[in-house]
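The values are calculated or read from the model by the stated rules, or taken from the named source; none is laboratory data. Quick caveat, the model's predicted, so the values are computed rather than measured. Every residue, glycine among them, receives a Cβ derived from its backbone with ideal geometry; neighbour counts consider all protein chains shown. Please note that ligands, DNA and RNA were not included when accessible areas were found on the heavy atoms of the full protein model with its side chains. Shrake-Rupley method; radii C 1.70, N 1.55, O 1.52, S 1.80 Å.
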Amino acid sequence: MIVKTLLAAIVAGLVAGVFMTAAQELRVTPLILHAEQYEGEAPATGEPAAAGHEQHSSLKANAPLGALLASISPVTPAYAHEHGGEDEEGGIMFGMSRFSGTLLANLVTGAGFSLLLAGISVMIAYPITLANGALWGAFGWLAVHMLPALGLPPELPGFPAAELGDRQTWWVATVLFSAAGLYLLALRGEVISKLAGLVLIAAPHAYGAPQPLDISSNVPAVLGAEFAVAALATTLAFWIVLGVVSGFINDRFVKVA
Amino acid sequence: MATSTVSSVSLSLSDRLTAGILALMIGAFLVFGAGLANSAVLHDTAHDTRHSYGFPCH
């Protein structure tokens, strides 16, 4: 039974991941590629040193931004950015193309979100069915994308941003708070629970997301706006597909959600 | 709707907890690896995905 539940979630996640890849290729990836054209021109002081490294990374996204982050960061020498001081070689694993890397990442992410959704559903004994799948998906989107995006909008390559660790911490905390808040708000009957849910949802935003010190960027703002809308729209579609497919598989094959 | 009444009968509490915790752990591991892990290779592979899901990364 356990294995069946997990398998159902993984299959739903893979289906949603394939769908997401198609949606991304249509709506999101062109904007990322467009933005990367501006990214190389980032007005960072440390750029010449980083420019050589840029060639190693097949995506060119890391070095200039790392330099930009370094130049605006108050703790320049020891900043713990993800690339290990630009020494670590990047590149797509197994020598895959950019597209297959994205597809793989979408499959993994889809399965991951699907398992999280199924895990929550099983823990609170509230099955995902075909009838309520879209709603499950919409709530997943609210918790993971829409509510965190209020503080940290989906960003293009080359956009200014605050220290990575701060943003990731805020993001993860906001996702957890939002999920708990939405559960209290939507699935609990007591007024006090609903109020507590609202407080939980609002708390990360009252605290405030980490913001960059310097918001200048070479990437046009219009592109950023288009990207934010496209990213939120495609992830909403992804989550609804995920919820509906999960519900369908649960109804049809698992019988126990 | 019929399925939800079946579910509460046939899945025991301990099964539910095991399945739920397993699913949450594996799911969190996958999402973390694809979206948040600090590895240049993982980052570059998942680059477009990370951006379009709005994961805070680089």
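Averaging the Cα positions of each part gives two centres, and for the range A:172-209 and the range B:39-58 these lie 27 Å apart.
In whole angstrom, note down how far apart the Cα centers of the range A:18-37 and the range A:89-146 are. Centre-to-centre distance over Cα atoms comes out at 18 Å.
Each residue, A:Ala203 and A:Val18, gets one label point 7 Å from its Cα in the Cβ direction; the gap between the two is 4.1 nm.
Interface B-A: total buried accessible area of about 4600 Å², 1.4 Å probe, protein heavy atoms only. Model label points for B:Ser14 and A:Ala186, set 7 angstrom from Cα along the Cα-to-Cβ axis, are 3.2 nm apart.
Each peptide in A:154-167, A:207-220, A:26-39, A:106-119 receives the mean, over its residues, of other Cβ atoms within 10 Å, and ordering these scores from highest gives A:106-119, A:154-167, A:26-39, A:207-220.
Extending 7 Å from Cα along the Cβ direction at A:Asp214 and again at A:Arg98 yields two label points whose distance is 2.7 nm. The mean number of Cβ atoms from other chains found within 10 Å of a Cβ in peptide A:159-168 is 2, as a whole number.
Rolling a 1.4 angstrom probe over the protein heavy atoms with all chains in place gives the range A:109-247 an accessible area of 40 Å² per residue.
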